[in-house]
1. How many residues are more than 28 Å from residue 257 (Cβ to Cβ) and crowded, with 17+ Cβ neighbours inside 10 Å if we restrict to the range 382-401?
2. Which of the residues belonging to the range 50-67 are in contact with a helix residue (DSSP H, G or I) (Cβ under 6 Å, 6 or more places away or on another chain) and not in a helix (DSSP H, G or I)?
3. Does any residue of the range 368-381 turn out to be modelled with pLDDT under 90, closer than 30 Å to residue 141 by Cα and buried (at least 16 other Cβ atoms within 10 Å of the Cβ)?
4. What number goes with the only condition from (1) assigned to a helix (DSSP H, G or I); (2) farther than 18 Å from residue 267 by Cβ; (3) in contact (Cβ under 8 Å) with a residue 24 or more places away in the chain that residue 347 does not pass?
5. Residue by residue through the range 300-321, note down the ones that are assigned to a helix (DSSP H, G or I) and either closer than 14 Å to residue 376 by Cα or touching a helix residue (DSSP H, G or I) at 6+ places or on another chain (Cβ under 6 Å) (or both).
6. Identify, from the list 133, 124, the residue that is without any contact (Cβ under 8 Å) to a residue 60 or more places away in the chain, in the same structural domain as residue 151 (by TED's automatic domain parsing) and within 29 Å of residue 154 (Cα to Cα).
7. Would you be able to say whether some residue in the range 77-84 is buried (at least 16 other Cβ atoms within 10 Å of the Cβ) and under 13 Å from residue 30 (Cβ atoms)?
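The values are calculated or read from the model by the stated rules, or taken from the named source; none is laboratory data. Because the structure is a prediction, the values reported are computed rather than measured. Cβ atoms come from the backbone with ideal geometry, glycine included; neighbour counts cover every protein chain shown.
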C-alpha cells in the first residue's frame, strides 16, 4: 500500500523522507531494555511493573523499526536500581560496549528515560550514538506528523527536550521538520546551541500554535452547527484504530502494522444504519511512558476527544499486555478529564481474527456477562467481523436521550420527507394505499425545535 508519504511499493515523485530512510536502513542499531526488576528468591527476578518484559523489548524494537532503523538485536538488561552515571551497571556497560565494537553498531536505543549526563557517558563508553525512549518517540512523531499543527507540536516538544541537555545528537534547529536528527548532523561546532535562540523559537512556535488551535476551535464550532455527533477512536498505538477507521469510512488513511502510524487527527462523516450521520475521528495512539512534553504538546490534538459524543477505546485483545495497555490509555484519558466509568466510552476488543477458539469463547463469555450497555464489542477490523454490531452499538449510544416521534406525511410532501431523511434517523416507514406515509423518526435534542415547527402534529412515542 502506498501511504500518505508517497513511499509505497510503487514509489512516488515526492519522497521527503527517503534519504533519512536510506540512512536509517544502513544504521546498525541495538535495542537495550534496562528494566527494573525485584527479587523473587533463588536468584530469579520479577518485573517491577505489570508488563511482560518480552513484550516491552519487542515494543521498543517496534518503535525503532517504525523509523526504518536496522535493528540488529534486542538485549534485556534487568537491574534493581538505575545508576546515576550510566543508568546501567558498569559490568553491563562494558559487556554491551564489547558487542557494539564487534558488530559495528552505530546506534544504541535505550528503552528508558536518560538524563543528559547518562546519555553522554553511555555514548563515551559505547563509542556510538545513544538515544533514549523519549528521543526515539520524538523522532517518530517528527517523521509521522502531517498537519501544520502536528509539525509545530513536534518541534515544540523537540526544543523542550533539547533545552534540558546539550544539543549534540539533534539537527532540529537547522530543519523545518522532524525525523532523524540523531542519525547525522553538523560538526561539533553546532553542539553549543544558544539557549536564548531555542527559547525565542519556542515562543514563536507557541504563538503559531495558538493561531492553529484557534482555527481548530472554529472548525469544531462549525461542526457543532452542522451538527453531527462526534465519535472518536482512541487506543494504544498499533491497536488497529486506523484499520477500523478505514473499514468504517472506506477512506485511505495510513494503516500499517507499525507503531504510531497515525499522528494527526483524521475526521470523516459517515452514515449510520438508520440514516443518522456522525463525524468519525481517528487520533494518535497512546503508549506507556509517553514523554510528558508530548502529552502537553498534543493536548490540542486530543481536545476533539473531550468533545466526543461517543469514544471508542480500541484494544488489541490478542496482545499479551492488553490489560496493561488499556490502563495506560485510561490514565491518559483521565488526565484529559475523561473518567474510566464515562458512559461515552465503548470498549472495542479488536483483532479477534488472531485469537484461538478457546480464547475467543472466553472473550465472548466476558462480553455476555458484562453490565448491559457497558459490554465490550469483540471485532476484527481487518476481516470486518463484529463491525456491524459495533455500528449498531454506537447508534444505540447516540440514541440515549433522543425522542422518537410518529409523523404522518402526504404523498406530495417530498421536500418534507427529504428533510427528515437528512436531519433525523428514520426507524420505520409505512406507506398506505392512499399514498400517505407514516414514519417513526428519532431526532437529536438540538434539532427538535425545528422539527416540531415543521411538524406540529408529530406525536412523541418514546
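1. Residues in the range 382-401 being more than 28 Å from residue 257 (Cβ to Cβ) and crowded, with 17+ Cβ neighbours inside 10 Å: 4 in total.
2. Let us first name the residues in the range 50-67 that are in contact with a helix residue (DSSP H, G or I) (Cβ under 6 Å, 6 or more places away or on another chain), namely 50-51, 63, 66-67.
Those that are in contact with a helix residue (DSSP H, G or I) (Cβ under 6 Å, 6 or more places away or on another chain) and not in a helix (DSSP H, G or I): 50, 51, 66, 67.
3. Within the range 368-381, none of the residues are modelled with pLDDT under 90, closer than 30 Å to residue 141 by Cα and buried (at least 16 other Cβ atoms within 10 Å of the Cβ).
4. In the conditions (1) assigned to a helix (DSSP H, G or I); (2) farther than 18 Å from residue 267 by Cβ; (3) in contact (Cβ under 8 Å) with a residue 24 or more places away in the chain, residue 347 misses (1) alone.
5. Here is the first cut: in the range 300-321, the ones assigned to a helix (DSSP H, G or I) are 300-306.
Residue satisfying the conditions is 300 alone.
6. Details: 133 fails: without any contact (Cβ under 8 Å) to a residue 60 or more places away in the chain.
Result: 124 is the single residue among 133, 124 that is without any contact (Cβ under 8 Å) to a residue 60 or more places away in the chain, in the same structural domain as residue 151 (by TED's automatic domain parsing) and within 29 Å of residue 154 (Cα to Cα).
7. Yes - at least one qualifying residue is present in the range 77-84.
Listed here are the residues, each with its yes/no results for (1) more than 23 Å from residue 270 (Cα to Cα); (2) without any contact (Cβ under 8 Å) to a residue 40 or more places away in the chain.
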{"position": "404", "(1), (2)": "no, no"}
{"position": "412", "(1), (2)": "yes, yes"}
{"position": "420", "(1), (2)": "no, yes"}
{"position": "424", "(1), (2)": "no, no"}
{"position": "434", "(1), (2)": "yes, yes"}
{"position": "437", "(1), (2)": "yes, yes"}
{"position": "452", "(1), (2)": "yes, yes"}
{"position": "457", "(1), (2)": "yes, no"}
{"position": "460", "(1), (2)": "yes, no"}
